[in-house]
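The values are calculated or read from the model by the stated rules, or taken from the named source; none is laboratory data. Quantities reported herein were computed from a predicted structural model and do not represent experimental measurements. Please note: Cβ atoms are built from the backbone with ideal geometry, for glycine as well, and neighbour counts cover all protein chains shown. Accessible surface is based on the protein model in full, side chains and every heavy atom, while ligands, DNA and RNA are left aside. Shrake-Rupley method; radii C 1.70, N 1.55, O 1.52, S 1.80 Å.
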Amino acid sequence: MLKNDTLDQWDRENFFHPSTHLAMHARGESPNRIVTGGSGVYIEDRDGNRLLDAFAGLYCVNVGYGRSEIAEAIAAQARELAYYHAYVGHGTEASITLAKMVLERAPKNMSKVYFGLSGSDANETNIKLVWYYNNILGRPQKKKIISRWRGYHGSGLMTGSLTGLKLFHDKFDLPLGRILHTEAPYYFRRPDPAMSEADFVGHCVAELEALIAREGADTIAAFIGEPVLGTGGIVPPPAGYWPAIQEVLKKHDIILIADEVVTGFGRLGSMFGSDHYGFEADLITIAKGLTSAYAPLSGSIVSERMWSVLERGTDENGPIGHGWTYSAHPIGAAAGVANLKLVDSLGLVQNAAETGAHFNAAMKAALGDHRHVGEVRGEGLLCAVELVEDRDSRAFFDPARKVGPAIVAALLKRGVIARAMPQGDIVGFAPPLCLTRAEADEIVGKTAESVIEVLGR
C-alpha cells in the first residue's frame, strides 16, 4: 500500500486522474507523483527527485519549465483583467495581439483564429465549422470526416471518434456516426515488407481513394491528420505522403484539417508541420505549444477559403451559433503572447531542428542495431524507439510482458521521464525545445542502458 501521508490519502480518495488505472490507484497499488516545481527540462517532486522530463509534460512545455516571463504576464493580466468573454465582438489586448501573432507565423493562406481551451475542443469547433460550411454551400449530405487509424484528435465524443486508437473507443460506444478511418502512414508496419516508401504512399492513397469511392465523395466533408502521428506512436510520414494525400482531397473537394496540436510552434524544427511537409490545410488545430501549457488555450486557424463562406453564412443567417465561455480567455492569451515571444527570442525553432537532428541520430547510433529494436524514428524534437520480439518479422512482444512500460520504468529509475505509447511497445520522447545536446546525450545514454536492462544486449 503506497499510502504514506495525508496528501497521498487525499489523492487516492478524491482525485479522478485521466488515463489511469482507477482501481489500482484508489487501492494504493500503483505509484503517484506529486510535482512541486520545475526549471528548464527538469521537474521536481515533493520527495526531492529531480527528473529530466523527456516528454515536456504531454508534448506541451515547449519553452521549458520556470519561465518567469510567462508567469509575470499571467499575473499582470490577472491583476488588470482576469476575465471577459469574447462573444459579440468583445476582446482584450492579449487576445487580439495573440491572434495577430499566430497569423504572422501561420501558413500564408490562413485568415482568422478562433480560440478555445484544449485541442479536443478545437477539433470539436473544426467539425462544426466544416458542417456549417457545407450547409452554407447547399451540400447538406457532405458531412462525413475521414481520420486515420492511430491518429489522436481528442477525448470528446466526436474528437474521441476521430481518434483512431482502441483505448479511446472501447466501452465508450465510440466512434459515433459520420466518422471514417483509413490507413495510417506507418511505414514500419506496412502490409508488405518489400514495399518501398513510394510503394507504401501509393498504397495509402489507394486505400483513401477506395474509401471515398465506397462512401461517395459527395458525402465526405473533410480529412483530418496530424503532420506526424503523435500518441499513435510518433510516426513521421513517408516521403511524399502529404502532397499525394492533398491531391486526392483537392480532386474530391474535401477539406483538409491539419491537427498541429503537437507539431505547431516549432516541435519539428519548423513553425508548423504543414509547411514542414509541404501541404496546405483549410483548418489548423493548435494548442500545447501555443502557451507551452503555462495556461490552457487552443485555437482553430481558419483559411481564407473557409472564412469567406463563414462570412456569407452570417450574412444569410445572423450571428454564428458557436462559442465557449472561456474562448480567448485573457489569462491564456497573455501566456500565449509571452510564450511566442520566448520561442522567437530563444531561437527554439532552430534549436528543435539542430538539437533534434543530433538527438535522433544519436538514438539511432545507440540502439538502431539492437536485436529487439525494430525502428528508431523521429523528426525535430520527436523521437520513438519501437521494440519488437523479432526484427525480421517485426513480431510484437506478448502484451502481457509490458516491455515498453518496463523500459520507461527503468528510465525513471535513472531520472528520465519518457512515455510508453499505446498499441505496441514504443518508447516516446518529446522533450522541451530548449533541450541542449548534453541533455539529449543523457537521454540517449540512459535509454540504451534501460533497453539493455530489460531486454539484454
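Per residue, how much accessible surface does the chain expose to a 1.4 Å probe? Answer in Å², no decimals.
Numbers: 19500 Å² over 457 residues.
On a per-residue basis, 43 Å².
Given the range 16-131, report the % of alpha carbon pairs whose separation exceeds 25 Å. The partial results should precede the final answer.
Working: 3188 of 6670 pairs.
Value for the range 16-131 (Cα pairs over 25 Å): 48 percent.
Probe 1.4 Å, all protein chains in place: accessible area of Glu449 in Å², nearest 10?
Ignoring ligands and nucleic acids, Glu449 comes out at about 90 Å².
Once you have the Kirkwood Rh of the range 165-236 from its Cα pairs, apply Stokes-Einstein at 10 °C and 1.306 mPa s and quote D in µm²/s.
D = 113 µm²/s.
If N is the number of residues in the range 307-457, what value comes out of its Cα radius of gyration divided by 2.2 N^0.38 Å? Can you show the working numbers first?
On the way: Rg = 21.4 Å, N = 151, 2.2 N^0.38 = 14.8 Å.
Rounded to two decimals, the normalised Rg is 1.45.
Step through the table entries Lys100/Lys341; Lys413/Lys446; Lys108/Lys250; Lys143/Lys251; Lys166/Lys402; Lys288/Lys446, compare each Cα-Cα distance with 20 Å, and write down the pairs that go over it. Intermediate values should be presented prior to the final figure.
Numbers: Lys100/Lys341 13 Å; Lys413/Lys446 10 Å; Lys108/Lys250 18 Å; Lys143/Lys251 17 Å; Lys166/Lys402 17 Å; Lys288/Lys446 27 Å.
In this structure, Lys288/Lys446 exceed 20 Å between Cα atoms.
By how many nm would the segment from Asp253 to Asp344 lengthen if fully extended, with 0.36 nm per residue of separation less the alpha-carbon distance?
Numbers: separation 91, 0.36 × 91 = 32.76 nm, distance 3.62 nm.
Here the segment from Asp253 to Asp344 would lengthen by 29.1 nm.
When the helices in the chain are scored as -39500 (n - 2.57) per DSSP H run of 4 or longer and the sum is shared across all residues, what 222 nm value do you end up with, to the nearest 500 deg cm²/dmol?
That calculation yields -12500 deg cm²/dmol at 222 nm.
Scan around Ile255 for amide H atoms under 5 Å from its own, H built in the peptide plane at 1.01 Å from N, and keep only partners 5 or more places away or cross-chain.
Ala222, Phe223
Could you point to the residue in Ala206, Gln141, Phe115 farthest towards the positive end of the range 60-213's charge dipole, with +1 and -1 charges on the Cβ of Lys/Arg and Asp/Glu respectively?
The residue sitting most towards the positive pole is Gln141.
On the protein heavy atoms, probe 1.4 angstrom, tell me the percent of accessible surface of the chain carried by carbon and sulfur.
Details: 10690 of 19500 Å².
Looking at the chain in its full context, I get 55 percent from C and S.
Roughly how many Å is it from the Cα centre of the range 407-457 to that of the range 266-289, as a whole number?
26
Could you list the residues of the range 122-161 with an amide nitrogen less than 16 Å from a label point located 7 Å from the Cα of Leu176 in the Cα-to-C-beta direction?
Counting only backbone N, you get 122-132, 143-147, 153-161.
If packing is taken as the average number of other Cβ atoms within 10 Å across a peptide's residues, how do 255-263, 228-236 rank, most packed first? List each step's numbers first, then the result.
Details: 255-263: 27.6, 228-236: 24.6.
By packing density, highest mean first, the sequence is 255-263, 228-236.
Which three extents, in whole angstrom, do the alpha-carbon atoms of the chain cover along their principal axes, largest first?
Principal-axis extents of the Cα atoms in the chain, largest first: 66, 60, 43 Å.
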